[in-house]
Amino acid sequence: MMKILVVDDEKDVRVLFEQRFRREIRNGEVAFSFAYSGEEALAYLREHFSEVVLILSDINMPGMSGLELLRHIRQDYPVNPPPPPPTVMMITAYGGQHSYEEALRLGADDLLTKPVDFAALKEKLHLLNNA
């Protein structure tokens, strides 16, 4: 089972992901946890880091931005401990080149734009799960 942490200040994102991944959740292929701020995500990771395979984080959030969260994840959790660090995909409503370059520089594995293309995301998850 792939454990995924979704970080977004918009609470309705939970319903959206649970609807779009209904079959995968029911089949036990994925399990989602949700954090509604960067701070909440870090608190969750302190308790569950070894379980999380993928983090999907919005970039633009009040308080700690997704980019600040990414910086913490990559600095606080070394690259080679067992288990391996989670894959981090950043999500932004603004497809600006600066956000993309900054996310990659900070260690993001991928950048998605809103609205999320769930068919493409499912394909990425399939590839990640079979890597």
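The values are calculated or read from the model by the stated rules, or taken from the named source; none is laboratory data. Note that the structure is predicted; figures quoted are calculated from it, not measured. All Cβ positions, glycine included, derive from the backbone under ideal geometry; neighbour counts span all protein chains shown.
Structural remarks
- Taking the numbered list (1) surrounded by fewer than 17 Cβ atoms within 10 Å (Cβ to Cβ); (2) in a strand (DSSP E or B); (3) β-branched (Val, Ile, Thr) in turn, residue 25 passes all entries but (2).
Residues checked against (1) modelled with pLDDT of 95 or more; (2) among the charged types (D, E, K, R); (3) under 13 Å from the mean Cα position of the chain (by Cα); (4) within 13 Å of residue 88 (Cα to Cα):
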| position | (1), (2), (3), (4) |
| --- | --- |
| 3 | yes, yes, yes, yes |
| 22 | yes, yes, no, no |
| 53 | no, no, yes, yes |
| 61 | no, no, no, no |
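- Yes/no for residue 99 being of a type in the set (Ser, Thr, Tyr) and at pLDDT 90 or above: no
- Residues of the range 4-20 satisfying the condition of being under 16 Å from residue 112 (Cα atoms), in a helix (DSSP H, G or I) and of a type in the set (Val, Ile, Thr): 13
- Test: residue in the range 40-53 that is buried (at least 17 other Cβ atoms within 10 Å of the Cβ) and assigned to a strand (DSSP E or B): no
- Conditions (1) free of Cβ contacts under 8 Å to residues at least 60 places away in the same chain; (2) not in a helix (DSSP H, G or I): number failed by residue 91: (1)
- Matching entry among 69, 128, 56 (being part of a helix (DSSP H, G or I), under 14 Å from residue 4 (Cα atoms), among the aliphatic types (A, V, I, L, M) and in contact (Cβ under 8 Å) with a residue 12 or more places away in the chain): 128
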